[in-house]
Amino acid sequence: MESPLLESPGAVPADAPDQEVAAHYGEPAQEQRALEDGAAFVDRGNRGVVKVSGPDRLKWLHSLLSQHLDALKPFEPTEALLLGPNGHIENHLFLIDDGEAVWAHVEPGTASPLVEFLDRMRFMLRVEVADVSADHAVITGPGPAGPGELAWPDVAGTVTRIVPRGEFPEGLRPAGLWAYEALRIAEHRPRFELDTDHRTIPHEAGYVETAVHLNKGCYRGQETVARVHNLGRPPRRLVFLHLDGSVDRLPAHGDPVEIPGGRTVGFVGSAARHHELGPIALALVKRNVPLDAELLAGGVAAAQEVVVSPDTGANAQIDLRRRPAKSG
């Protein structure tokens, strides 16, 4: 659903899968600073919104997803993964329960297949699942969240909210998605389907820290999570890349990550220009790539910063190296 803000002066559509919202409104760096300073909001209305109601909703979702949900308190935000039978990530959900229904926001284009899957899994339980994206949208802006808001803490002290579609904050300037993405990448937060692929398992991208409960009952894909955590290390790891600032382009999503000699060791996920750090990116690389190896990301020289430790799993303590978020 195309954002009405694309009609604003200077608005430039973002690239797929975000073409329905603005990348920027003519001042990318200033928009990024304004978002960080609590003076702007980002329209993320291309994201899907799903609502699950009914008295059995929490225990039902608890049995399907990777997070511990059957005792989730009202307005306590959390994250969860829908995994395939072999533990590959099929969806990443941001969840909150309002006491009567669970609300979730998900990546563009994934709400409908998610609802179809959940509908098939209802059986005789008292739950109802609906794609409510036509009536509700996702907005990221200044915090803190107010009482009773459908809201999640987000990058650089911002808060992401589900609001009625077409409702935008007053007194704030709009910032494009480039502003949000630069702050997200700088905080080492992976984005499903951009920083992951069809083979990604939770340990590789660091989702075990935020979206997986390691001591809950059985759910689809749990065997892979438990095996990697207890017996073996994941084959790949998420890295943060400082890109060569003298190059006038960013690597594209899916570009190869190579080591000297031309051997491909991974792929580029998200890339952006940060107003302080310069050009940056996230990438998935093979676990055994040396931590001090200089890399080429889509042909652009890059220095890596560890996000997911090569020793994650195999009874090792998870060491997810997040960049500290700035307070908003």
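Just to check your reading of the model, which residue among Leu214, Leu183 is without any contact (Cβ under 8 Å) to a residue 40 or more places away in the chain and not assigned by the TED database to the domain that holds Ala297? Checking each option against the conditions leaves just Leu214.
Looking across Gly141, Gly146, one residue alone is open to solvent by less than 50 Å² (accessible area, probe 1.4 Å) and part of a strand (DSSP E or B). It is Gly141. If only residues of the stretch 175-232 that are among the acidic types (Asp, Glu) and assigned to a helix (DSSP H, G or I) are counted, the one that is surrounded by the most Cβ atoms within 10 Å (Cβ to Cβ) is Glu204.
Taking each residue of the stretch 97-124 that is farther than 14 Å from Val49 by Cβ and without any contact (Cβ under 8 Å) to a residue 40 or more places away in the chain and looking for partners that are assigned to a helix (DSSP H, G or I) and open to solvent by 70 Å² or more (accessible area, probe 1.4 Å) with beta-carbon atoms closer than 6 Å, six or more apart or interchain, yields nothing. Could you list all residues from the stretch 238-280 that are under 23 Å from Asp311 (Cβ atoms), in contact (Cβ under 8 Å) with a residue 60 or more places away in the chain and open to solvent by 50 Å² or more (accessible area, probe 1.4 Å)? Answer for the stretch 238-280, where residues must be under 23 Å from Asp311 (Cβ atoms), in contact (Cβ under 8 Å) with a residue 60 or more places away in the chain and open to solvent by 50 Å² or more (accessible area, probe 1.4 Å): just His242. Inspect the stretch 47-55 for any residue being open to solvent by 60 Å² or more (accessible area, probe 1.4 Å), small (Gly, Ala, Ser) and in contact with a helix residue (DSSP H, G or I) (Cβ under 9 Å, 6 or more places away or on another chain) and give the result as yes or no. No, every residue in the stretch 47-55 fails to be open to solvent by 60 Å² or more (accessible area, probe 1.4 Å), small (Gly, Ala, Ser) and in contact with a helix residue (DSSP H, G or I) (Cβ under 9 Å, 6 or more places away or on another chain). Residues Val155, Val127: which one is more than 19 Å from Ser53 (Cβ to Cβ) and surrounded by 21 or more Cβ atoms within 10 Å (Cβ to Cβ)? Answer to the selection: Val155.
Do we find a residue being more than 16 Å from the chain's Cα centre (by Cα), without any contact (Cβ under 8 Å) to a residue 40 or more places away in the chain and more than 19 Å from Asp131 (Cα to Cα) anywhere in the stretch 30-40? Taking every residue of the stretch 30-40 in turn, at least one turns out to be more than 16 Å from the chain's Cα centre (by Cα), without any contact (Cβ under 8 Å) to a residue 40 or more places away in the chain and more than 19 Å from Asp131 (Cα to Cα). For the stretch 280-310, a tally of residues being of a type outside the set (Gly, Ala, Ser) and either part of a strand (DSSP E or B) or at positive phi (or both) returns 13. If you go through the stretch 37-75 and keep only what is out of contact with any strand residue (DSSP E or B) (no Cβ under 7 Å at 6 or more places or on another chain) and of a type outside the set (A, V, I, L, M, F, W, C), you end up with Asp37, Asn46, Pro55, Asp56, Lys59, His62, Ser63, His68, Asp70, Lys73.
Candidates are the residues of the stretch 58-101 that are more than 22 Å from Glu193 (Cβ to Cβ) and part of a helix (DSSP H, G or I); the one that is most open to solvent (accessible area, probe 1.4 Å) is Lys59.
The values are calculated or read from the model by the stated rules, or taken from the named source; none is laboratory data. Everything numeric in this text was worked out from a predicted model, so none of it was measured. Glycine also receives a Cβ, built like all others from the backbone with ideal geometry; neighbour counts cover every protein chain displayed. With ligands, DNA and RNA removed, areas are computed over all heavy atoms of the protein, side chains included. Shrake-Rupley method; radii C 1.70, N 1.55, O 1.52, S 1.80 Å.
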